[in-house]
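The values are calculated or read from the model by the stated rules, or taken from the named source; none is laboratory data. Since this is a predicted model, take the numbers as computed values, not measurements. No Cβ is skipped: glycine too gets one built from the backbone with ideal geometry, and neighbour counts run over all protein chains shown.
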Amino acid sequence: MILLSFIGTGDYKLTSYTWQNQQYETEYVIEAIAHFFNAQEIKVFTTKEAIKIHGNHLRDKIDNKFDLSYIDIPSGTDEDDIWKLFDKVVESVPENSEIIFDITHAFRSIPVIVLLASAFLEKARNVKIKGVYYGQYDPKNNRASIFDLTPAIKLLDWLTATDTFINTGSSQKLGQLLADIQIDFFRSGKAKTEEIKPNKLRNLGSTISTISENIEFIRPVELLTSAHHLTKYSGEEIREEVGIFAKPFELIIDKIEQDYAQFALENQDKADPKLIIKKHYLLIKWYVEKGLGTQAILLAREWLVTTLAILENDNYLDKEARKNIENQLNAMSGNNPERIKFYEQEITKHIEDVKQLDDTWSQLGRNRNNIAHCQMNSEQFSSKVLQRYTQELPQILANLFPQLNLTSVWFKNTR
């Protein structure tokens, strides 16, 4: 483990540092934190002026215990100095390493820049930030307590996870953060001393992760059920727990509930089948809005079969019923030269414009096959063509079934 620390030009006195039930006496908090957390290597960000004052003395004290090195950093604050400091951090932190921070003697904005640079490395080079610590000095007793500021760095994880949800709809990272809070709480032994405990965060995290997985892998049947399960976690009790243990999540819980509620449906077997049509249609719209064109096209093809099966009063999940619908659609579309005479099949009684159904099924099939077969055929569609088609898809489907009034379907009136 690597300790990243800072040292200035101050006059550091012999002090008793404490961490939990441990004590360590030294002039330098760097040495104490390295001792408490079993660091193997210490890298000190500092200026030439500070090295002149403390460099030799600090090395004499700890060089035989830890691998110590000094990293000269600029003392300026302009943009050029910020990027120079960024380069210093990148060069000093190896890939796949574990690091802890001591920010006790950090000055100006430098610790913020170093922390952000390390957080970038955490994503780009699999660096693990194991802790951030600060030694708070009490001059009356000549003692300093080491405080754990690691939860603050977790804000960056929450930021990344929230950004992922807003832009893609995926909440798996948020779900994992919630689960980790509860797991870490009980692993740390806090449950023995703390009266209030996080008992529901792990299940809440698992629930939103399951919803996200069902969306990602186009599982509309499971999605309706898993989205309904989320309603179990909408009460004041879970919100109180989130407010205590997962404060950043408190800012986004309403949006998650709102966005996922549109898919919720209890007892699908007993529900109005037309409501299932609308729920699945909402998922297609979700895919389009989130830029997930592949999922939108794949589901739209199946949605068309589902809708016609339900309008025919068939079991939309029955393989033979779906095959019957598909055979009728195939007979009246594509390259079949006699397809027009099939325009009066059973399924066409649900359609105002049969030619439009023909065109929609044909284009959906070509686009779906081009995607599913990864462009491995002679008919080539560019990604831009597919993207434009995807943007038009919700309206194309809604126009086929004006009796369903799909253009007015929104989450707030479909629960």
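What is the residue count in the range 117-140 for residues that are touching a residue at least 40 places away in the same chain (Cβ under 8 Å) and either assigned to a strand (DSSP E or B) or more than 20 Å from LYS88 (Cα to Cα) (or both)? Here the count works out to 5. Quick one: count up the residues across the range 180-231 that are acidic (Asp, Glu), assigned to a helix (DSSP H, G or I) and under 30 Å from THR150 (Cβ atoms). Qualifying residue count for the region: 3. Looking at the range 317-329, can you tell me whether even one residue there is over 21 Å from VAL221 (Cβ atoms), among the charged types (D, E, K, R) and exposed (fewer than 14 other Cβ atoms within 10 Å of the Cβ)? No, because not a single residue in the range 317-329 is over 21 Å from VAL221 (Cβ atoms), among the charged types (D, E, K, R) and exposed (fewer than 14 other Cβ atoms within 10 Å of the Cβ). Just one of the numbered conditions (1) touching an Asp or Glu at 6+ places or on another chain (Cβ under 7 Å); (2) surrounded by fewer than 20 Cβ atoms within 10 Å (Cβ to Cβ) is not true of THR168: (1). Candidates ARG322, ARG301: the one that is part of a helix (DSSP H, G or I) and in contact with a Lys or Arg (Cβ under 6 Å, 6 or more places away or on another chain) is ARG301. The numbered conditions (1) more than 29 Å from TYR17 (Cα to Cα); (2) of a type in the set (Val, Ile, Thr); (3) assigned to a strand (DSSP E or B) are all true for THR162 except (3). Among the numbered conditions (1) at pLDDT 95 or above; (2) among the small types (Gly, Ala, Ser); (3) exposed (fewer than 15 other Cβ atoms within 10 Å of the Cβ), the only one that SER226 does not meet is (3).
Results for (1) part of a helix (DSSP H, G or I); (2) under 30 Å from GLU195 (Cβ atoms); (3) under 27 Å from the mean Cα position of the chain (by Cα), shown as yes or no for each residue.
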| residue | (1), (2), (3) |
| --- | --- |
| ILE256 | yes, yes, yes |
| ILE284 | yes, no, yes |
| GLN295 | yes, no, yes |
| LEU329 | yes, no, no |
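Quick one: count up the residues across the range 61-86 that are at pLDDT 85 or above and over 14 Å from LEU3 (Cβ atoms).
First pass over the range 61-86, keeping only residues at pLDDT 85 or above: 66-72.
Then keep just the ones that are over 14 Å from LEU3 (Cβ atoms); that gives 72.
Of the residues in the range 61-86, 1 are at pLDDT 85 or above and over 14 Å from LEU3 (Cβ atoms).
Which of the residues that make up the range 142-187 are charged (D, E, K, R) and modelled with pLDDT under 90? Result: ARG143, ASP148, LYS154, ASP157, ASP184, ARG187.
Does the range 266-274 contain any residue that is more than 30 Å from HIS350 (Cα to Cα), polar (S, T, N, Q) and either out of contact with any strand residue (DSSP E or B) (no Cβ under 7 Å at 6 or more places or on another chain) or exposed (fewer than 13 other Cβ atoms within 10 Å of the Cβ) (or both)?
Taking the range 266-274 and keeping what is more than 30 Å from HIS350 (Cα to Cα), we get none.
No, the range 266-274 contains no residue that is more than 30 Å from HIS350 (Cα to Cα), polar (S, T, N, Q) and either out of contact with any strand residue (DSSP E or B) (no Cβ under 7 Å at 6 or more places or on another chain) or exposed (fewer than 13 other Cβ atoms within 10 Å of the Cβ) (or both).
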